Amino acid sequence: MRLITFEEYKEYVKTHKFVRIEDEEVKVGEPHQVKDYQPKDFALETTTVWSFPNRGDWATHKGDYRGNWAPQIPRNLILRYSRPGEWILDQMCGGGTTLIECKLLGRNEIGVDINYEALILVLDRLNFTYMPLDLEYKEPEIRAYQGDAQKLDLIEDESIDLIATHPPYYNIISYYKGKKVEGDLSFMRKLEEYLNGIKEAAKESYRVLKPGRYCAILIGDTRKHRYYVPISFKVMQQFLDVG
Ligand SMILES: C[S@@+](CC[C@H](N)C(=O)[O-])C[C@H]1O[C@@H](n2cnc3c(N)ncnc32)[C@H](O)[C@@H]1O
């Protein structure tokens, strides 16, 4: 794992106007015009089926990172399963949806992604000032690392209060154009290879999570050669197998 600092981000945006996530260019380095810092009509989900037909766009949330999750999902997880000041981990953090929510909700966060340009985007999306009137709000510590979810070598055992993460759905979406990055779970050719990688990530999750706390995963299924592939079931099994 390598910490990507805000200073490194500032150096990057001096010479780059965008990051490239596979084929898509996403702008970085421009000031954000934030209209609303919090959702207008948010209510905690109360059933086991969550549905968000309109993804949230408060603060710096945008739907322009390939396959990012709606901010309502980490918001529900964070509010339900953690308290202000606790440590949240998203070890496949993509464009930083979870980290933005941690900043708004006063939770400390460690975000990790294997893709360097995703981390630049994360720091860009966190580059806004948030000073709520709420006297209980304490500005959290938020760290972004380039690294592999299968080897969280800078995170201590039993130090995390909640894991909220959203792994690649096998190789449905690619985040790098053409080149294979060692350990990238979105680039595995064989399902067994992908599931072995998920199992390693699950072992690391179990190691860093405090006993009795929650690990929440968003994952979906796919089709291959006209056959349904129940990825979500298989991923859940890897997590259950390690603890
Ligand atoms: C579905 S996206 C996450 C999107 C994120 N929830 C968001 O809202 O932006 C999955 C992410 O996993 C990352 N990834 C793939 N293999 C990884 C690994 N071994 N370790 C860490 N990140 C990995 C990809 O680069 C991609 O950004």
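A few remarks follow.
- Residue that is least open to solvent (accessible area, probe 1.4 Å) [pool: residues in region 174-215 that are assigned to a helix (DSSP H, G or I) and among the charged types (D, E, K, R)]: 204
- The residue that is nearest to the ligand (Cβ to nearest atom), counting only those in region 146-159 that are crowded, with 20+ Cβ neighbours inside 10 Å and closer than 18 Å to residue 97 by Cα, is 149.
- Beta carbons closer than 7 Å, at least 6 apart along the sequence or on distinct chains, pair a first residue in region 45-67 that is open to solvent by 40 Å² or more (accessible area, probe 1.4 Å) with a second that is aromatic (Phe, Trp, Tyr) for 66/175.
- Region 11-25 residues that are outside any loop (DSSP other than H, G, I, E, B) and of a type in the set (Ser, Thr, Tyr), paired with ones that are within 16 Å of the ligand (Cβ to nearest atom) and open to solvent by less than 80 Å² (accessible area, probe 1.4 Å) (beta carbon under 6 Å, 6 or more apart): 12/120
- Where a residue in region 107-131 is in contact (Cβ under 8 Å) with a residue 24 or more places away in the chain and its partner, wherever it lies, is of a type in the set (Asp, Glu) and open to solvent by 30 Å² or more (accessible area, probe 1.4 Å), with Cβ under 6 Å and at least six apart: 108/141; 114/148
- Considering 60, 47, the condition of being away from the ligand (no atom under 11 Å from the Cβ) and farther than 29 Å from residue 9 by Cα is satisfied by 47 alone.
- Of residues in region 112-131 being open to solvent by less than 40 Å² (accessible area, probe 1.4 Å) and over 15 Å from residue 93 (Cβ atoms), the one nearest to the chain's Cα centre (by Cα): 128
- Some residue of region 213-223 being touching an Asp or Glu at 6+ places or on another chain (Cβ under 8 Å), within 19 Å of residue 96 (Cβ to Cβ) and within 13 Å of the ligand (Cβ to nearest atom): no
The values are calculated or read from the model by the stated rules, or taken from the named source; none is laboratory data. Please read these numbers as outputs of a predicted model, since none were measured by experiment. As a convention, Cβ positions derive from the backbone with ideal geometry for all residues, glycine included, and neighbour counts pool all protein chains shown. SASA here: full protein model, heavy atoms, side chains in, ligands and nucleic acids out. Shrake-Rupley method; radii C 1.70, N 1.55, O 1.52, S 1.80 Å.
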